[in-house]
Amino acid sequence: MSNYPELQGRVYIVTGGGSGMGRDTCKALAAAGARVVLGNRNPVEGEAIAAEIRAAGGQAIFRQTDVSRAADCAALVACAMAHFGRLDGAFNNAGLQREFCDIHETPDADISDVIDINLKGMLYMMKYEAEAMLATGGGSIVNNSSIFGLKAMPRLAYYVAAKHGIIGATRAAALDYARQGIRVNAVCPGPIKTASYDRVTGGDDHMYDDGVPMHRIGQPHEVGNAVLWLLSDQSSYVTGGFIPVDGGMSAA
């Protein structure tokens with residue numbers, strides 16, 4: 001039995017749903033009986049997760065989505081509305097990180113891509129999600145920031161800027177809709193075992209152990225657990241907040 005029976009039949013968008021934290025959140029939502037609208041730039045990964053959910057008896061649809069394009073974000077929300085007739089929540093998870101560089105050495109393309117996808121993409125998604133939720137009775141939005149939305153990291157200024165921006169936008173949007181039935185919160189993961197983590201570390205699961213008070217990296221489902229709580233009615237008095245999912249790193 002699901003820990004969140006109220007999610008049964010509700011409709012949720014997940015961007016970056018084809019892998020990592022997005023993938024695990026899609027599966028957890030579907031297991032709770034929710035209907036999942038999955039956006040992903042890679043169509044093979046995205047459709048594979050949607051098909052896996054359907055094969056297990058769940059409901060999921062996929063639309064190829066590049067969140068750096070406002071038109072794609074609008075189309076993903078429109079797809080949810082056309083197919084299911086409503087939108088109850090979203091996990092705005094799509095993001096990327098490029099190389100570690102001092103700011104004067106950071107390629108212009110890396111700055112542009114990370115700001116466009118991580119920050120502007122989240123803003124575009126919130127814009128169209130909030131519009132749909134206002135029309136269908138409210139909902140809950142969860143944005144994926146990072147521990148680096150709470151603290152700095154050397155040689156990563158462009159990424160830290162985007163993730164700090166997500167926290168600021170989350171808090172401001174929460175105030176916009178606090179009296180209109182839409183809650184807006186964020187999760188702030190630390191090192192999590194994803195394909196992006198493996199690209200940075202070369203697959204070394206213990207590279208950051210000494211910097212994490214719990215002395216291990218996290219797993220995608222541990223972020224998904226926090227996301228489901230924020231999407232559910234069990235967090236009904238929580239808005240404008242952020243939950244570190246980082247093994248204690250932000251407390252150190």
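The figures follow:
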| item | result |
| --- | --- |
| Label zone at Arg86 (point 7 Å along Cα-to-Cβ), backbone N below 13 Å, region 5-31 | 6-12 |
| Sequence of Met81, Met207, Met122 once ranked by neighbouring C-beta atoms within 10 Å, starting from the fewest | Met207, Met81, Met122 |
| Environment charge of Gly58, counting only residues whose C-beta is closer than 12 Å and scoring Lys/Arg +1, Asp/Glu -1 | +2 |
| Compactness of the chain - radius of gyration and Dmax, Cα, Å | 17.0, 53 |
| Potential extension, His221-Leu175 segment - 0.36 nm per residue separation minus Cα distance | 13.7 nm |
| Alpha carbon centroid spacing (whole Å) that separates region 17-54 from region 192-218 | 23 Å |
| Mean separation of Cα contacts under 8 Å (6+ apart) over length of the chain, as relative contact order % | 19 percent |
| Among Ala90, Ala178, Gly247 - extreme Cα towards positive end, dipole of the chain, charges at beta-carbon | Ala178 |
| Cα gyration tensor shape for region 191-252, rounded if a/c is under 1.5, else prolate or oblate | prolate |
| Radius of gyration and maximum dimension Dmax of region 107-252, Cα, Å | 15.9, 48 |
| Long-range HN-HN contacts of Phe242 with modeled amide H, under 5 Å | Ala186 |
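Throughout, read-outs are computed from the coordinates displayed, never taken from laboratory work. Small disclaimer: the values here were computed from a predicted structure and weren't measured. With ideal geometry, Cβ positions are generated from the backbone for all residues, glycine too; neighbour counts draw on all protein chains shown.
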